[in-house]
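Take a look at the structure set out below.
The values are calculated or read from the model by the stated rules, or taken from the named source; none is laboratory data. If you're wondering where the values come from, they're calculated on a predicted model, not measured in any experiment. Methodologically, a virtual Cβ is constructed for each residue, glycine included, from the backbone with ideal geometry; neighbour enumeration extends over all protein chains shown.
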Amino acid sequence: MTERHVLEAFRLNGRVALITGGGRGLGRVIADAFAQAGADIALASRSRASLDEAVTEIAAATGRRVQGFTADVTSPGDVDRLVADVERSLGPIDILVNNAGTNIRGSVTDLSETDWDTVIDTNLKGPFLCARAVGPKMAKRGWGRIVNLASVLAHIALAGRAPYCSSKSGVEGLTRVLALEFAGSGVTVNAICPGVFATEMNRPLIEDPVKYKEFVAKVPMGRWGELHELGGVALFLASDATSYMTGTSLVIDGGWSVW
């Protein structure tokens, strides 16, 4: 019997990937990686402005079908509409990347209930709603990949990050439960836990020399992560290479969590 070359396991030819928060930052990098591997891409964001440039550039560079969709992942109606629009435009969704996220920093005595709800709804409710809308359809077709973006802060606490740490710990719990519920259906569910990367969300830290150095000091590799360093990890989890891997979190943090 002729076995498939190992690198073919990483190809996404014929797959359709939906990436929330896909217009910039980590979502944009993941979209690039998937398109380079052969997937057609649906990028979702609340803001149209963040989508148009990414759609044009990824399509031109890879020759894949790439479309942008506006949606609020905290709204069940918006999520259902998003899934229907993607399926109508590109076909059934094979890969879901729950990347949309936000962060509001502050001590528990200063944060409002609205601050808490905003972070929890976006970072945890959003992945739940999207997985609920897409996962059962994947299971019926017998193949699917759900990749949730958690964080190293699901493992390491920082003062002033109560909503964010709580939401990302919740994402890991959700990942494990979904993995069990879809086990045996051909659908795998895994999470990525990035450390400090130069994303728009981290701009307040990047632009503060003192805080920037404080974070670098926490990382054994002595630097922040570069965005391109996450693309291959996401591709791994979205591919056939992880057909026997589910319910797992991969930490990409330069060694921070080793301390």
Scan ILE120, ILE58 and give me the residue that is modelled with pLDDT of 95 or more, within 22 Å of PRO204 (Cα to Cα), assigned to a helix (DSSP H, G or I) and of a type in the set (A, V, I, L, M). ILE120
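Residues are listed down the side, and each one gets a yes or a no for (1) surrounded by fewer than 18 Cβ atoms within 10 Å (Cβ to Cβ); (2) not in a helix (DSSP H, G or I):
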position	(1), (2)
GLU214	yes, no
ALA217	yes, no
PRO220	yes, yes
GLU229	yes, no
GLY232	yes, no
LEU237	no, no
When you check GLY68 against the structure, is it free of Cβ contacts under 8 Å to residues at least 60 places away in the same chain and either outside any strand (DSSP E or B) or aliphatic (A, V, I, L, M) (or both), yes or no? no
Give me the pairs: first residue in segment 20-43 and under 19 Å from ASP78 (Cβ atoms), second residue of a type in the set (Ser, Thr, Tyr) and buried (at least 23 other Cβ atoms within 10 Å of the Cβ), beta-carbon distance under 6 Å, and six or more apart or on different chains, which are they? GLY23/SER45
Check on GLY91, of a type outside the set (A, V, I, L, M, F, W, C), more than 22 Å from LYS168 (Cβ to Cβ), free of Cβ contacts under 8 Å to residues at least 40 places away in the same chain and surrounded by fewer than 20 Cβ atoms within 10 Å (Cβ to Cβ): no
Which residue is farthest from ARG24 (Cα to Cα), if the candidates are limited to segment 71-98 and must be β-branched (Val, Ile, Thr) and not in a helix (DSSP H, G or I)? ILE93
Would you please name the residue that is surrounded by the most Cβ atoms within 10 Å (Cβ to Cβ), looking only at residues in segment 194-204 that are assigned to a helix (DSSP H, G or I) and either in contact (Cβ under 8 Å) with a residue 40 or more places away in the chain or β-branched (Val, Ile, Thr) (or both)? MET201
Residue check: is ALA191 in a strand (DSSP E or B) and either farther than 20 Å from GLY21 by Cα or not β-branched (Val, Ile, Thr) (or both)? yes
Segment 135-177, subset assigned to a loop (DSSP other than H, G, I, E, B), among the small types (Gly, Ala, Ser) and touching a helix residue (DSSP H, G or I) at 6+ places or on another chain (Cβ under 7 Å), residue farthest from ARG105 (Cα to Cα): ALA150
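Each row is one residue, and each column tells you yes or no for (1) among the aliphatic types (A, V, I, L, M); (2) surrounded by 15 or more Cβ atoms within 10 Å (Cβ to Cβ); (3) more than 13 Å from the chain's Cα centre (by Cα).
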residue: HIS5; (1), (2), (3): no, no, yes
residue: ASN13; (1), (2), (3): no, no, yes
residue: GLY25; (1), (2), (3): no, yes, no
residue: ALA35; (1), (2), (3): yes, yes, yes
When you scan segment 145-171, how many residues do you find that are under 15 Å from ASN123 (Cβ atoms) and within 12 Å of the chain's Cα centre (by Cα)? 7
